[in-house]
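Scroll down for the structure; my scribbles are underneath it.
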Amino acid sequence: MYHSNETVQRMIEWLERNLSGEPGLLPLSKHVGYSPWYCSALFHQICGVTLRSYVAKRRLTMAALALRDENSRILDVALDSGFSSQEALTRAFKEAFGCTPREYRLSPRPLPLFVSHDVFHPWQYAQQYKKGGRDMSKGDLRDARMRVEYIPAHKYMGIWDNVATCYGTFWARHNCDEVCGIIESMTNAAHPVVTPILRAGTM
(Lines give C-alpha, C1' and ligand atoms only; values in the text may rest on other atoms or scores of the structure.)
Protein backbone atom coordinates (compact mmCIF):
# COMPACT_ATOMS: atom_id res chain seq x y z
CA MET A 1 0.00 0.00 0.00
CA TYR A 2 2.76 2.45 0.94
CA HIS A 3 4.65 1.79 -2.28
CA SER A 4 1.52 2.17 -4.43
CA ASN A 5 0.56 5.45 -2.75
CA GLU A 6 4.09 6.79 -3.05
CA THR A 7 4.13 5.92 -6.76
CA VAL A 8 0.81 7.68 -7.36
CA GLN A 9 2.04 10.69 -5.37
CA ARG A 10 5.02 10.89 -7.73
CA MET A 11 2.57 10.77 -10.66
CA ILE A 12 0.51 13.60 -9.16
CA GLU A 13 3.59 15.76 -8.58
CA TRP A 14 4.71 15.17 -12.17
CA LEU A 15 1.23 16.01 -13.50
CA GLU A 16 1.12 19.22 -11.45
CA ARG A 17 4.43 20.34 -12.98
CA ASN A 18 3.19 19.62 -16.50
CA LEU A 19 -0.47 20.69 -16.47
CA SER A 20 0.06 23.59 -18.87
CA GLY A 21 2.02 21.41 -21.30
CA GLU A 22 1.41 17.88 -22.51
CA PRO A 23 1.09 15.58 -19.48
CA GLY A 24 0.68 12.42 -21.54
CA LEU A 25 0.51 8.88 -20.19
CA LEU A 26 3.70 7.72 -21.95
CA PRO A 27 6.07 10.36 -20.50
CA LEU A 28 4.37 9.92 -17.12
CA SER A 29 4.97 6.18 -17.20
CA LYS A 30 8.61 6.73 -18.11
CA HIS A 31 8.97 9.13 -15.18
CA VAL A 32 7.76 6.61 -12.60
CA GLY A 33 9.19 3.52 -14.31
CA TYR A 34 6.03 1.49 -14.90
CA SER A 35 3.98 0.58 -17.96
CA PRO A 36 1.33 3.03 -19.18
CA TRP A 37 -1.41 0.47 -18.45
CA TYR A 38 -0.21 -0.07 -14.88
CA CYS A 39 0.10 3.68 -14.24
CA SER A 40 -3.41 4.32 -15.54
CA ALA A 41 -4.96 1.50 -13.52
CA LEU A 42 -3.09 2.32 -10.31
CA PHE A 43 -3.89 6.03 -10.54
CA HIS A 44 -7.59 5.28 -11.02
CA GLN A 45 -7.58 2.83 -8.13
CA ILE A 46 -5.89 5.20 -5.64
CA CYS A 47 -7.40 8.55 -6.71
CA GLY A 48 -10.86 7.42 -7.82
CA VAL A 49 -10.60 9.37 -11.10
CA THR A 50 -8.90 8.67 -14.40
CA LEU A 51 -5.70 10.44 -15.35
CA ARG A 52 -7.53 12.26 -18.14
CA SER A 53 -10.27 13.46 -15.78
CA TYR A 54 -7.72 14.56 -13.16
CA VAL A 55 -5.81 16.67 -15.69
CA ALA A 56 -8.99 18.21 -17.11
CA LYS A 57 -10.32 19.17 -13.67
CA ARG A 58 -6.99 20.55 -12.45
CA ARG A 59 -6.67 22.65 -15.61
CA LEU A 60 -10.11 24.12 -15.01
CA THR A 61 -9.12 24.91 -11.43
CA MET A 62 -5.91 26.61 -12.62
CA ALA A 63 -7.95 28.68 -15.06
CA ALA A 64 -10.54 29.65 -12.43
CA LEU A 65 -7.88 30.84 -9.98
CA ALA A 66 -6.11 32.80 -12.72
CA LEU A 67 -9.39 34.44 -13.77
CA ARG A 68 -10.05 35.36 -10.15
CA ASP A 69 -6.60 36.62 -9.22
CA GLU A 70 -4.90 37.84 -12.42
CA ASN A 71 -5.56 40.42 -15.12
CA SER A 72 -4.38 38.31 -18.06
CA ARG A 73 -6.56 38.03 -21.14
CA ILE A 74 -8.94 35.07 -21.08
CA LEU A 75 -7.15 33.70 -24.14
CA ASP A 76 -3.83 33.76 -22.26
CA VAL A 77 -5.45 32.12 -19.24
CA ALA A 78 -6.77 29.38 -21.51
CA LEU A 79 -3.39 28.70 -23.15
CA ASP A 80 -1.46 28.91 -19.86
CA SER A 81 -3.89 26.39 -18.34
CA GLY A 82 -3.35 23.85 -21.11
CA PHE A 83 -6.43 24.54 -23.25
CA SER A 84 -6.10 24.69 -27.02
CA SER A 85 -8.18 27.86 -27.36
CA GLN A 86 -10.37 30.33 -25.50
CA GLU A 87 -13.42 28.57 -26.93
CA ALA A 88 -12.26 25.22 -25.50
CA LEU A 89 -11.88 26.79 -22.06
CA THR A 90 -15.26 28.48 -22.28
CA ARG A 91 -17.05 25.23 -23.21
CA ALA A 92 -15.39 23.24 -20.43
CA PHE A 93 -15.78 26.03 -17.87
CA LYS A 94 -19.49 26.50 -18.54
CA GLU A 95 -20.14 22.76 -18.45
CA ALA A 96 -18.30 22.37 -15.13
CA PHE A 97 -19.33 25.55 -13.31
CA GLY A 98 -22.48 26.84 -15.05
CA CYS A 99 -20.97 30.16 -16.12
CA THR A 100 -18.50 31.41 -18.70
CA PRO A 101 -14.96 32.49 -17.78
CA ARG A 102 -15.92 36.11 -18.50
CA GLU A 103 -18.99 35.91 -16.25
CA TYR A 104 -16.90 34.40 -13.47
CA ARG A 105 -14.20 37.06 -13.79
CA LEU A 106 -16.78 39.85 -13.57
CA SER A 107 -18.54 38.24 -10.60
CA PRO A 108 -16.48 35.60 -8.75
CA ARG A 109 -18.56 33.12 -6.78
CA PRO A 110 -17.87 29.95 -4.79
CA LEU A 111 -17.01 27.12 -7.18
CA PRO A 112 -16.39 23.41 -6.55
CA LEU A 113 -12.74 23.57 -7.60
CA PHE A 114 -10.72 20.37 -7.88
CA VAL A 115 -7.81 20.59 -5.45
CA SER A 116 -4.61 18.64 -5.97
CA HIS A 117 -4.67 15.20 -4.38
CA ASP A 118 -2.30 14.15 -1.63
CA VAL A 119 -2.34 10.36 -1.38
CA PHE A 120 0.95 9.71 0.40
CA HIS A 121 0.63 11.13 3.89
CA PRO A 122 3.27 11.87 6.54
CA TRP A 123 2.16 8.94 8.68
CA GLN A 124 2.96 6.63 5.76
CA TYR A 125 6.48 8.00 5.61
CA ALA A 126 6.71 7.39 9.35
CA GLN A 127 5.58 3.80 8.88
CA GLN A 128 8.27 3.26 6.27
CA TYR A 129 10.92 4.70 8.56
CA LYS A 130 9.82 2.36 11.35
CA LYS A 131 9.99 -0.65 9.06
CA GLY A 132 13.41 0.33 7.78
CA GLY A 133 12.10 0.96 4.30
CA ARG A 134 13.59 4.43 4.14
CA ASP A 135 16.65 6.01 5.68
CA MET A 136 16.24 9.30 7.47
CA SER A 137 18.34 11.95 5.81
CA LYS A 138 19.12 15.58 6.56
CA GLY A 139 16.79 16.53 3.71
CA ASP A 140 13.89 15.09 5.72
CA LEU A 141 14.50 17.46 8.61
CA ARG A 142 13.12 20.97 8.92
CA ASP A 143 14.01 23.64 11.45
CA ALA A 144 11.16 24.59 13.76
CA ARG A 145 9.95 28.11 13.10
CA MET A 146 7.74 30.35 15.21
CA ARG A 147 6.25 33.72 14.46
CA VAL A 148 3.76 36.09 16.04
CA GLU A 149 0.84 37.22 13.90
CA TYR A 150 -1.40 40.20 14.52
CA ILE A 151 -4.87 39.33 13.26
CA PRO A 152 -7.06 42.37 12.63
CA ALA A 153 -10.81 42.40 13.23
CA HIS A 154 -12.41 40.07 10.74
CA LYS A 155 -15.52 38.15 9.83
CA TYR A 156 -15.68 34.40 9.59
CA MET A 157 -16.64 32.66 6.40
CA GLY A 158 -17.86 29.10 6.76
CA ILE A 159 -19.96 26.24 5.50
CA TRP A 160 -22.88 25.37 7.74
CA ASP A 161 -24.85 22.15 8.04
CA ASN A 162 -27.80 22.50 10.41
CA VAL A 163 -28.26 18.72 10.64
CA ALA A 164 -24.69 17.64 11.36
CA THR A 165 -23.72 17.77 15.03
CA CYS A 166 -19.94 17.28 14.72
CA TYR A 167 -17.19 16.93 12.14
CA GLY A 168 -17.85 13.20 11.82
CA THR A 169 -21.48 13.61 10.87
CA PHE A 170 -20.66 16.62 8.69
CA TRP A 171 -18.24 14.62 6.55
CA ALA A 172 -20.63 11.67 6.43
CA ARG A 173 -23.12 13.99 4.68
CA HIS A 174 -20.75 15.84 2.34
CA ASN A 175 -18.09 15.13 -0.28
CA CYS A 176 -14.71 16.11 1.16
CA ASP A 177 -13.15 16.99 -2.21
CA GLU A 178 -16.09 19.19 -3.21
CA VAL A 179 -16.14 21.07 0.11
CA CYS A 180 -12.37 21.64 -0.03
CA GLY A 181 -12.73 22.88 -3.60
CA ILE A 182 -15.40 25.40 -2.61
CA ILE A 183 -13.23 26.63 0.25
CA GLU A 184 -10.27 26.97 -2.13
CA SER A 185 -12.40 29.12 -4.44
CA MET A 186 -13.05 31.54 -1.54
CA THR A 187 -9.46 32.00 -0.34
CA ASN A 188 -9.24 35.35 -2.11
CA ALA A 189 -11.78 36.70 0.39
CA ALA A 190 -10.01 35.20 3.42
CA HIS A 191 -7.24 36.59 5.58
CA PRO A 192 -3.94 34.72 4.88
CA VAL A 193 -3.87 33.55 8.50
CA VAL A 194 -7.60 33.15 9.19
CA THR A 195 -8.83 30.82 6.47
CA PRO A 196 -12.42 29.70 5.76
CA ILE A 197 -13.76 27.36 8.43
CA LEU A 198 -16.32 24.59 8.71
CA ARG A 199 -19.00 24.60 11.39
CA ALA A 200 -21.58 21.90 12.07
CA GLY A 201 -24.92 22.74 13.67
CA THR A 202 -26.35 26.14 14.46
CA MET A 203 -24.79 28.96 16.44
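The values are calculated or read from the model by the stated rules, or taken from the named source; none is laboratory data. Because the structure is a prediction, the values reported are computed rather than measured. As a convention, Cβ positions derive from the backbone with ideal geometry for all residues, glycine included, and neighbour counts pool all protein chains shown. Please note that ligands, DNA and RNA were not included when accessible areas were found on the heavy atoms of the full protein model with its side chains. Shrake-Rupley method; radii C 1.70, N 1.55, O 1.52, S 1.80 Å.
For the reader, a short list of remarks on this structure follows.
- Residue in the stretch 83-92 that is open to solvent by 30 Å² or more (accessible area, probe 1.4 Å) and closer than 16 Å to SER185 by Cα present: no
- Yes/no for SER40 being farther than 30 Å from SER185 by Cβ and over 15 Å from the mean Cα position of the chain (by Cα): no
- Yes/no for CYS47 being in contact (Cβ under 8 Å) with a residue 24 or more places away in the chain and over 24 Å from GLY181 (Cα atoms): no
- Of all residues assigned to the stretch 144-157, at least one qualifies as being more than 17 Å from LEU65 (Cα to Cα) and surrounded by 12 or more Cβ atoms within 10 Å (Cβ to Cβ).
- Neighbours by Cβ (under 9 Å, 6+ apart or cross-chain): first from the stretch 92-121, on the phi > 0 side of the Ramachandran plot; second open to solvent by less than 40 Å² (accessible area, probe 1.4 Å) and of a type in the set (Asp, Glu): none
- Matching residues in the stretch 106-143 - criterion: being of a type in the set (A, V, I, L, M), modelled with pLDDT under 75 and either in contact with a Pro (Cβ under 8 Å, 6 or more places away or on another chain) or open to solvent by 100 Å² or more (accessible area, probe 1.4 Å) (or both): MET136, LEU141
- Residues of the stretch 161-180 that turn out to be among the aromatic types (Phe, Trp, Tyr) and surrounded by 13 or more Cβ atoms within 10 Å (Cβ to Cβ), as a count: 2
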